[in-house]
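Quick notes on the structure that follows.
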Amino acid sequence: MSRLEGKIAIITGGNSGLGSTTAQLFAKEGACVVITARREAQLLEVAEKIRESGGEVLPVVADISRKGDADMVVAKTIEAYGKVDILVNCAGVLEAGLKPIDRFTDDDLDRIVDINQKGTMYCIRAAAKEMSKTGYGSIVNVASIAGVMGCGGAAYVSSKAAVVGITRHTGLRFAGTNIRCNAVCPGTIVTPMVATTDPATLDPDMMGQMAKHSDLKVRPCMPEDVANIILFLASDESAAITGQALHTDFGSTL
């Protein structure tokens, strides 16, 4: 229960789903967690749960798709704790309907890329500057199996493929230092975001193609399944791993 003792961790998308589960797990493992998201009420609820369990938490309301908000979150972390050891980029959004490349909308593309790709890059840039000062850091990005296999809507797939690419780039940029960057690529995770998907809006052509390339009988991930892998990548137990994207879908796309 002390795999992250003394570590300071920033977790985006910390108000629900995988981000909330990861934040609570990190706190149990001894980390001081800084959780950030757009919705304040939900963020404060998660913070209260962490405190009730004896954890240390700092909630910071921010929208990582806005220029400057990532810098603000890191600045508040430095002000409170003096360093950043871990960054977990959990914040992300889906599009409605799994729209393929010939049917995606410009609005979907802008919104998804702003949060999933640009937001992740803003946070890495801000955190890496502080990690460089201490010579230590572990960055974990939540990508998706969709970004590797193409099994999703075009805008979402492109954003998650970009996350995989920037993970490898960041790993290469800091190779040979104590600053690492890895990604997890989950399949479907049972979270509130996925649960609110309306089946009636799903593109039937894209669903049919996806069904050909995945085993729908394999169970989906629960947030705890992925959070445990994030914990491993964030901890010193994975010190030799950097620039990697781990597929975490129980083998459904093999």
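Computed values, structure above
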{"item": "Residue identified as buried (at least 20 other Cβ atoms within 10 Å of the Cβ), within 22 Å of Ser235 (Cα to Cα) and of a type outside the set (Val, Ile, Thr) among Ala9, Ala37, Ala62", "result": "Ala9"}
{"item": "Residue match in region 121-135 (condition: touching a strand residue (DSSP E or B) at 6+ places or on another chain (Cβ under 9 Å), charged (D, E, K, R) and closer than 24 Å to Lys83 by Cβ)", "result": "yes"}
{"item": "Test set (1) in a loop (DSSP other than H, G, I, E, B); (2) at pLDDT below 95; (3) surrounded by fewer than 18 Cβ atoms within 10 Å (Cβ to Cβ) - Met207 fails condition number", "result": "(1)"}
{"item": "Which numbered condition Met72 misses (of (1) buried (at least 22 other Cβ atoms within 10 Å of the Cβ); (2) part of a helix (DSSP H, G or I))", "result": "(1)"}
{"item": "Ala47 free of Cβ contacts under 8 Å to residues at least 24 places away in the same chain, buried (at least 19 other Cβ atoms within 10 Å of the Cβ) and of a type in the set (A, V, I, L, M)", "result": "yes"}
{"item": "Matching residues, region 75-102, being surrounded by 24 or more Cβ atoms within 10 Å (Cβ to Cβ) and either among the basic types (Lys, Arg) or in a strand (DSSP E or B) (or both)", "result": "Ile86, Leu87, Val88, Asn89"}
{"item": "Filter pass, Ala126 being open to solvent by less than 40 Å² (accessible area, probe 1.4 Å), under 17 Å from Gly13 (Cα atoms) and not in a strand (DSSP E or B)", "result": "yes"}
{"item": "Residues of region 103-118 satisfying the condition of being over 22 Å from the mean Cα position of the chain (by Cα), open to solvent by 80 Å² or more (accessible area, probe 1.4 Å) and touching a residue at least 12 places away in the same chain (Cβ under 8 Å)", "result": "Arg103"}
{"item": "Leading residue by the ranking (surrounded by the fewest Cβ atoms within 10 Å (Cβ to Cβ)) among those in region 15-34 that are among the hydrophobic types (A, V, I, L, M, F, W, C) and not in a loop (DSSP other than H, G, I, E, B)", "result": "Cys32"}
{"item": "Breaking point among (1) open to solvent by 30 Å² or more (accessible area, probe 1.4 Å); (2) out of contact with any helix residue (DSSP H, G or I) (no Cβ under 9 Å at 6 or more places or on another chain), for Met149", "result": "(2)"}
{"item": "Tabulated pairs, region 212-238, first aliphatic (A, V, I, L, M), second at pLDDT 75 or above and open to solvent by 40 Å² or more (accessible area, probe 1.4 Å), C-beta under 7 angstrom, 6+ apart or interchain", "result": "Val218/Phe250; Ile229/Leu246; Leu231/Arg3; Leu233/Ile241"}
{"item": "Filter result for the condition that a residue is closer than 13 Å to Ala127 by Cβ, at pLDDT 95 or above and touching a Ser or Thr at 6+ places or on another chain (Cβ under 6 Å), over Ile64, Ile78, Ile8", "result": "Ile64"}
{"item": "Among residues of region 129-146, those that are at pLDDT 95 or above, in a helix (DSSP H, G or I) and either among the charged types (D, E, K, R) or open to solvent by less than 20 Å² (accessible area, probe 1.4 Å) (or both), counted", "result": "4"}
{"item": "Matching option when the condition is within 20 Å of Ala183 (Cβ to Cβ), modelled with pLDDT of 95 or more and small (Gly, Ala, Ser), among Gly14, Gly30", "result": "Gly14"}
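The values are calculated or read from the model by the stated rules, or taken from the named source; none is laboratory data. Predicted, not measured: the structure shown is a model, and the values here were computed from it. As a convention, Cβ positions derive from the backbone with ideal geometry for all residues, glycine included, and neighbour counts pool all protein chains shown. Just so you know, the surface numbers come from the protein's heavy atoms only, side chains and all, with ligands and any DNA or RNA stripped out. Shrake-Rupley method; radii C 1.70, N 1.55, O 1.52, S 1.80 Å.
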